[in-house]
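The values are calculated or read from the model by the stated rules, or taken from the named source; none is laboratory data. Note that the structure is predicted; figures quoted are calculated from it, not measured. Using ideal geometry, Cβ is built from the backbone for each residue, glycine included, and neighbour counts are taken over all protein chains shown.
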Amino acid sequence: MKFKENCFSLEINPDTPDGEVIRLNSLISDNYSKRTYNSVINMVVNSPVIQTSHSFNTETALQGQSQEVKFRLENKGHADLVNATAELKQITSFDITVSDTVQITAINVGEFTEISFTCTFGAGIANSSFAQFGLVLNSENGFSSEYSYSVVVGMTESFETGDFSQNPWEFSGSKNWETDAENFYEGGFSARSGNVLDSESATVSLELDYVFDGSVSFYKKISSELIYDRLSFYIDGVMIKNWSGISDWTKFSCSVSSGTHKLSWTFSRDSSLGGGLNCAWIDNILATGISTTGIGEQEILLPAEAVLYQNYPNPFNPVSHIRFDLTETSDVKLMVYNVSGQKVADLANGITNAGEHSVEFDGSKLNSGVYYYTLEAEGKSITKKMILMK
């Protein structure tokens, strides 16, 4: 028996997922005996799989300041990642500068490395602006990986104007809320319930337009009679949470669905007695997922042309969100394809208004792997890659 070595060479696409089985059909012809021999060879591809997470050195990204973002890159695949570069790019177009590209010597199988970047936010960025970033890894052999995350720049309301002029606040109840320059979580001001007497209440409300599912968080401080006098937080008239007694500044957050919602804070007292200072404070309100339309004099800044953002999260399992912006009302198609070019989902198909848009992609019925999503709008076609990892 004789063996013939190095008969064929293969070049495997660097985007081929880890664990993918490549089926090779071999056909050998014997010119002497006129026989043919068929065989099947299955090859399993080993590729890096980089699982990425991130953290910040500060809780909020504020205008005129810098924020460090640290990434943990762990290789969950079956091949080492060697001689790679990591570049952090801003996907949106705000006045933000990002530090230089980072060189990565290697991330071996089962190991991780940590890298960091510094982002500096321009002083003129509107409060509650939604900035999106993409971390791009590229290795010398053609492997690439993308990871995206978002940052809300500035506070929705910090009361640092010393009044309620930053947002279109509404007041109701027996007394109005006031700004307080003596008790605050951060900065120099907070909002304090007015001089509420027995059987009285004071409510302050703000209507926000959530262009996609988001959240709201705020800090609160209470000084009241336990159980009977309380601070209550409402969304569209439905009480989400209430607090009573005496407690220092603590943070509360909850999710908010897309749509227009009215957020309200009410301090109320029962018919007798009291406790503490008989009041409550709120500070550093941060809403994510909102449009800045109607907040002060800020407006949505439309892009110069249609923009398709990197999905978030990426990699994902099984749900991810895809955002796109339109400069004008347009006939829009947003489709998802597998690596074979077969369409697996239609996410949008029809006339869509100008502005910001977000759609949800559910990959629960699909296999793990690389997928591509394509936006067709305003006479152009934009495609990006995403990874479903189950």
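The table below gives the values:
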quantity: Where Gly289 falls short, out of the listed (1) within 30 Å of Glu170 (Cβ to Cβ); (2) part of a strand (DSSP E or B); (3) at pLDDT 90 or above; calculated: (3)
quantity: Pair list, Cβ under 6 Å, 6 or more apart: the stretch 242-264 residue in contact (Cβ under 8 Å) with a residue 24 or more places away in the chain, other residue among the acidic types (Asp, Glu); calculated: Ser257/Asp213; Ser258/Asp213; Thr260/Asp209; His261/Asp236; Lys262/Glu207; Lys262/Asp236
quantity: Any hit, the stretch 138-148, residues being in contact (Cβ under 8 Å) with a residue 12 or more places away in the chain, of a type in the set (A, V, I, L, M, F, W, C) and more than 17 Å from Lys220 (Cβ to Cβ); calculated: yes
quantity: Of the criteria (1) at pLDDT 95 or above; (2) small (Gly, Ala, Ser); (3) surrounded by fewer than 19 Cβ atoms within 10 Å (Cβ to Cβ), which one Ser272 fails; calculated: (1)
quantity: Residue among Ser29, Ser33, Ser55, Ser47 that is farther than 27 Å from Asn338 by Cα, in contact with a Ser or Thr (Cβ under 9 Å, 6 or more places away or on another chain) and not charged (D, E, K, R); calculated: Ser29
quantity: Top-ranked residue in the stretch 130-167 [being among the small types (Gly, Ala, Ser) and in a strand (DSSP E or B); ranked as nearest to Asn83 (Cα to Cα)]; calculated: Ser139
quantity: All positions within the stretch 125-159 that are farther than 24 Å from His261 by Cβ and out of contact with any strand residue (DSSP E or B) (no Cβ under 7 Å at 6 or more places or on another chain); calculated: Asn141, Gly142
quantity: Selection count where residues are small (Gly, Ala, Ser) and assigned to a strand (DSSP E or B), scope the stretch 61-89; calculated: 4
quantity: In the stretch 180-199, the residues that are surrounded by fewer than 17 Cβ atoms within 10 Å (Cβ to Cβ) and either farther than 17 Å from Ser253 by Cβ or in the same structural domain as Glu360 (by TED's automatic domain parsing) (or both); calculated: Ala181, Glu182, Asn183, Gly187, Gly188, Asn195, Leu197, Asp198, Ser199
quantity: Check on Asn242, modelled with pLDDT of 95 or more and not aromatic (Phe, Trp, Tyr); calculated: yes
